[in-house]
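A.B. asks: Here it is, the structure in full.
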Amino acid sequence: MFGSIMHKSDNASVYVHIQVYSCKMDVMKPEPEAGQIALKEERHQYILELLGNEGRVLAADLSSRYKVSEDTIRRDLRELASSGKIQRVHGGALPRRTEAVPFVSRQQIDMESKIGIARAAADLIRDGQVVLIDGGTTNLKIGSYLSRERSATIVTNSPPLALALADHPRLSVLMLGGNFLKEARVTTGIETIRQVESIRADLCFLGMCSLHPEVGITVGDREEAYVKQAMIGASTVVVGLISLGKMGTSLPYLVGPASRLTRLITDASDEDVLNPYRSQGIEVTST
């Protein structure tokens, strides 16, 4: 309702208009504070999205961002960690840490996905190329899909792959020496690295134990990380082969940032998963 009050003074009469609200009007509820997320499930989802985008989260920052107490955030992080969705660390969290699985066990995991990825990888090899192929169960399958007419030099630290290529009529195979890492079925160590550094490869297929757009390429063995670093440095084109289950995860030893990859071949198809890699200039092939 509107009304007016006349105020008289010695020199003039001034009308002051005022707005009066009826007591029958609905009481306006205050807007929730910007950034406040009251439901636990919503907070959990936002925390996972933020972790996926930034590679780590801090409890103090989350408390400020979402307008809840640090105790609440710490409970959220504990629950997410207990469900295996994140890796809890002092003061915050990192992407979930996958476990390094022995080679023999990995051969039985995601077999259909590995076949599709290996086929796409084999199609990239051209006649006359020098190709570095790292260890790994997906890389091992590349040998099954290489054309019998293909002529190239394959350099590998994977004894199982070297044996798989033994009967190929036109491929030359150079087996890298070094210390034999039984769990991964690859050679590692300074001798392996020196041999890699003496090569200029056209193409490298990198075995991928774990990959995160922010954390980078990680593995479970320090010596294996050094060999992968050398392979990346020795190659013109670096192709990472990885299944969806290993993406967005981390392991203890860093190989390098995801941006060191030229191309990624994966069975993942969700654009929300793939776009963070594309934004770093990585060409992505989804099988």
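The values are calculated or read from the model by the stated rules, or taken from the named source; none is laboratory data. None of these values were measured; they are calculated from a predicted model. For neighbour counting, all protein chains shown are included, and Cβ atoms are generated from backbone atoms with ideal geometry for every residue, glycine included. Just the protein is used for accessible areas: all its heavy atoms, side chains included, with ligands, DNA and RNA removed. Shrake-Rupley method; radii C 1.70, N 1.55, O 1.52, S 1.80 Å.
A.B. asks: Any idea which residue in the range 262-287 is nearest to residue 55 (Cα to Cα), counting only those that are open to solvent by less than 10 Å² (accessible area, probe 1.4 Å) and not aromatic (Phe, Trp, Tyr)? It would help to see each step written out before you state the result.
C.D. replies: So the first thing to find is which residues in the range 262-287 are open to solvent by less than 10 Å² (accessible area, probe 1.4 Å), and the list is 264-266, 268, 274, 277, 282.
This time we only want the ones that are not aromatic (Phe, Trp, Tyr), so: 264-266, 268, 274, 282.
Values: 264: 19, 265: 21, 266: 20, 268: 19, 274: 15, 282: 18 Å.
Step by step, filter the range 262-287, then rank; the result is 274.
A.B. asks: Among the strands (runs of 3 or more DSSP E) confined wholly to the range 192-252, which include 2 or more residues that are touching a residue at least 40 places away in the same chain (Cβ under 8 Å) and of a type in the set (A, V, I, L, M, F, W, C)? Spell out how you get there, then give the answer.
C.D. replies: Details: elements: 201-207, 210-212, 216-219, 235-242.
Hits in the range 192-252: 201-207, 216-219, 235-242.
A.B. asks: Got a sec? Which of 238, 130, 173 is open to solvent by 20 Å² or more (accessible area, probe 1.4 Å) and within 30 Å of residue 274 (Cα to Cα)?
C.D. replies: On the way: 238 fails: open to solvent by 20 Å² or more (accessible area, probe 1.4 Å); 173 fails: within 30 Å of residue 274 (Cα to Cα).
On inspection, the qualifying residue turns out to be 130.
A.B. asks: Here is a further query. Counting only residues that are of a type in the set (Gly, Ala, Ser) and outside any helix (DSSP H, G or I), which one in the range 64-84 is farthest from residue 39 (Cα to Cα)? Can you show your working first?
C.D. replies: Narrowing the range 64-84 to residues of a type in the set (Gly, Ala, Ser): 64, 69, 81-84.
The next check asks that each one be outside any helix (DSSP H, G or I); those that pass are 69, 83-84.
Details: 69: 13, 83: 18, 84: 20 Å.
My answer is 84.
A.B. asks: Failed condition for residue 184, given (1) modelled with pLDDT under 95; (2) small (Gly, Ala, Ser); (3) closer than 30 Å to residue 95 by Cβ; (4) out of contact with any Gly (no Cβ under 7 Å at 6 or more places or on another chain), with all others met?
C.D. replies: Residue 184 satisfies all of (1) modelled with pLDDT under 95; (2) small (Gly, Ala, Ser); (3) closer than 30 Å to residue 95 by Cβ; (4) out of contact with any Gly (no Cβ under 7 Å at 6 or more places or on another chain) except (4).
A.B. asks: For the range 133-153, which residues satisfy the criterion of being within 25 Å of residue 210 (Cβ to Cβ) and either buried (at least 22 other Cβ atoms within 10 Å of the Cβ) or in contact with a Gly (Cβ under 7 Å, 6 or more places away or on another chain) (or both)? Even if it seems obvious, please write down each step before you answer.
C.D. replies: Restricting attention to the range 133-153, the residues satisfying the condition of being within 25 Å of residue 210 (Cβ to Cβ) are 133-145.
Within the range 133-153, 133, 134, 135, 136, 137, 138, 139, 140, 141, 142, 143 meet the criteria.
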